[in-house]
Amino acid sequence: MIKKCLFPAAGYGTRFLPATKATPKEMLPVLTKPLIQYGVEEAVQAGIPTMAIITGRGKRAIEDHFDISYELEHQIKGTSKEHLLDQIRSLIDTCTFSYTRQVEMKGLGHAILTGETLIGNEPFAVILADDLCDGNVLEQMKNLFNKYRCSIVAIEEIPQQDTNKYGVIAGKQIEEDVYMVHTMVEKPAPEEAPSNLAIIGRYILTPDIFDILRETKPGKGGEIQITDALMTQAQRGMVLAYKFKGKRFDCGSVDGFVEATNYFYNLEKEKQ
Ligand code: G1P
């Protein structure tokens, strides 16, 4: 059973400066909801109620967002705006949120290892909130985990010239949209990439990943990479890559952010 979802959220978000100078990038809104709230909703949709959030300096707004604001509640009570808080109130009611700080930024692998104290010895999910997904990707991965019981990364096909922005896998297809990983490289140059199947920000990890991360040396960019740790796990046992159904937006880039905004805006308009 997967009960916990880890959110690495300590990064600086330099691509969005100056917006991210005093505001965590996870709090940037697509329409009226911050990115991290979409992630939490996706976890809840997958039946995962416990959120473990890796924060850092300057990230207090995330904790405040998933808490009651008594002053605001008092102001808004009985007004026509009250319904705007319905979704966030229900998340606060149904989920628990725990936090730990990543003191030094040593990469995604290091951020995930920092979360060990919140996760313990059980399989868990990871959401990178700046990959915004529509289509309950985590739920699809959880169903796959129930069948195979190993670590799983979500993948999508990308243009070959973009391989240097992602972890890239190669593997043997074992069923429709599912690959057994044999190679995994962090941000390879297009001419060196083993395929155009890129890892996106959704993972299910078995807890042995923590011991592997502890012994993983800094890789690309001098950072401890989850991709390298997963490659070790694939060599020792099995890691799957899953081509998910749905849409994903790279909200870590301005282009992706604008695309996501337009997409969700149009969805809202269709509902009206
Ligand atoms: C991280 C991972 C990379 C993955 C990407 C997905 O990179 O290191 O393997 O493909 O997330 O968004 P980042 O985007 O943090 O540089």
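The values are calculated or read from the model by the stated rules, or taken from the named source; none is laboratory data. Since we're looking at a predicted model, the values are computed, not measured. As a convention, Cβ positions derive from the backbone with ideal geometry for all residues, glycine included, and neighbour counts pool all protein chains shown.
Hey, does the stretch 216-224 have a residue that's more than 21 Å from the chain's Cα centre (by Cα) and farther than 25 Å from MET105 by Cβ?
Looking through the stretch 216-224, none of the residues is more than 21 Å from the chain's Cα centre (by Cα) and farther than 25 Å from MET105 by Cβ.
Working only within the stretch 183-198, note down all residues that are crowded, with 22+ Cβ neighbours inside 10 Å, closer than 23 Å to CYS251 by Cα and near the ligand (Cβ under 10 Å from one of its atoms).
Step one: list which residues in the stretch 183-198 are crowded, with 22+ Cβ neighbours inside 10 Å, which gives 184-186, 193, 197-198.
Of the ones still in play, those that are also closer than 23 Å to CYS251 by Cα are 185-186, 197-198.
Scanning the stretch 183-198 gives VAL185, GLU186, ALA198.
Can you name the residue in the stretch 121-130 that is buried (at least 22 other Cβ atoms within 10 Å of the Cβ) and not β-branched (Val, Ile, Thr) and, of all such residues, is farthest from the ligand (Cβ to nearest atom)? Before the answer, list the steps.
First pass over the stretch 121-130, keeping only residues buried (at least 22 other Cβ atoms within 10 Å of the Cβ): 124-130.
From the residues that got through so far, the ones that are not β-branched (Val, Ile, Thr) too are 124-125, 128-130.
Working: PHE124: 17, ALA125: 14, LEU128: 5, ALA129: 10, ASP130: 7 Å.
Top of the filtered list is PHE124.
Would you mind stating whether LYS59 is basic (Lys, Arg), surrounded by 20 or more Cβ atoms within 10 Å (Cβ to Cβ) and touching a residue at least 60 places away in the same chain (Cβ under 8 Å)?
On the way: basic (Lys, Arg): yes; surrounded by 20 or more Cβ atoms within 10 Å (Cβ to Cβ): yes; touching a residue at least 60 places away in the same chain (Cβ under 8 Å): no.
In short, no.
For the stretch 1-101, list the strands (runs of 3 or more DSSP E) that sit wholly inside it and hold at least 3 residues that are under 30 Å from TYR148 (Cβ atoms) and of a type in the set (A, V, I, L, M); which are they?
50-55
Is it the case that some residue within the stretch 214-222 is surrounded by fewer than 19 Cβ atoms within 10 Å (Cβ to Cβ), touching a residue at least 40 places away in the same chain (Cβ under 8 Å), within 16 Å of the ligand (Cβ to nearest atom) and in a loop (DSSP other than H, G, I, E, B)?
yes
Just checking, which of ASP211, ASP228, ASP177 is within 18 Å of the chain's Cα centre (by Cα) and among the acidic types (Asp, Glu)? Reasoning before the result, please.
Details: ASP211 fails: within 18 Å of the chain's Cα centre (by Cα); ASP177 fails: within 18 Å of the chain's Cα centre (by Cα).
Unique residue meeting the criteria: ASP228.
Is at least one residue of the stretch 66-88 surrounded by 15 or more Cβ atoms within 10 Å (Cβ to Cβ), closer than 17 Å to LEU132 by Cβ and modelled with pLDDT of 95 or more?
Among the residues of the stretch 66-88, not one is surrounded by 15 or more Cβ atoms within 10 Å (Cβ to Cβ), closer than 17 Å to LEU132 by Cβ and modelled with pLDDT of 95 or more, which makes the answer no.
I'd like to check something: does the stretch 199-212 contain any residue that is surrounded by fewer than 17 Cβ atoms within 10 Å (Cβ to Cβ), free of Cβ contacts under 8 Å to residues at least 12 places away in the same chain and assigned to a helix (DSSP H, G or I)?
Yes; the residues of the stretch 199-212 include at least one that is surrounded by fewer than 17 Cβ atoms within 10 Å (Cβ to Cβ), free of Cβ contacts under 8 Å to residues at least 12 places away in the same chain and assigned to a helix (DSSP H, G or I).
Given the criteria within 16 Å of the ligand (Cβ to nearest atom) and farther than 25 Å from VAL181 by Cα, does GLN102 qualify? Reasoning before the result, please.
On the way: within 16 Å of the ligand (Cβ to nearest atom): yes; farther than 25 Å from VAL181 by Cα: yes.
The answer is yes for GLN102.
Scan the stretch 183-224 residue by residue and report those that are out of contact with any Lys or Arg (no Cβ under 9 Å at 6 or more places or on another chain), of a type outside the set (Ser, Thr, Tyr) and closer than 28 Å to ASN121 by Cα.
Within the stretch 183-224, MET184, ILE199, LEU205, PRO207, ILE209, PHE210, ASP211, LEU213, ARG214, GLU215, LYS217, GLY219 qualify.
When the stretch 161-182 is examined, which residues are found to be in contact with a Ser or Thr (Cβ under 8 Å, 6 or more places away or on another chain) and free of Cβ contacts under 8 Å to residues at least 60 places away in the same chain? Steps first, answer last, please.
Applying the first criterion (in contact with a Ser or Thr (Cβ under 8 Å, 6 or more places away or on another chain)) to the stretch 161-182 yields 167-171.
VAL168, ALA170, listed by residue number.
For the condition farther than 16 Å from LYS243 by Cα and either modelled with pLDDT under 95 or within 14 Å of the ligand (Cβ to nearest atom) (or both), what is the one hit in LEU108, LEU118?
Numbers: LEU118 fails: either modelled with pLDDT under 95 or within 14 Å of the ligand (Cβ to nearest atom) (or both).
Just one listed residue meets the conditions, LEU108.
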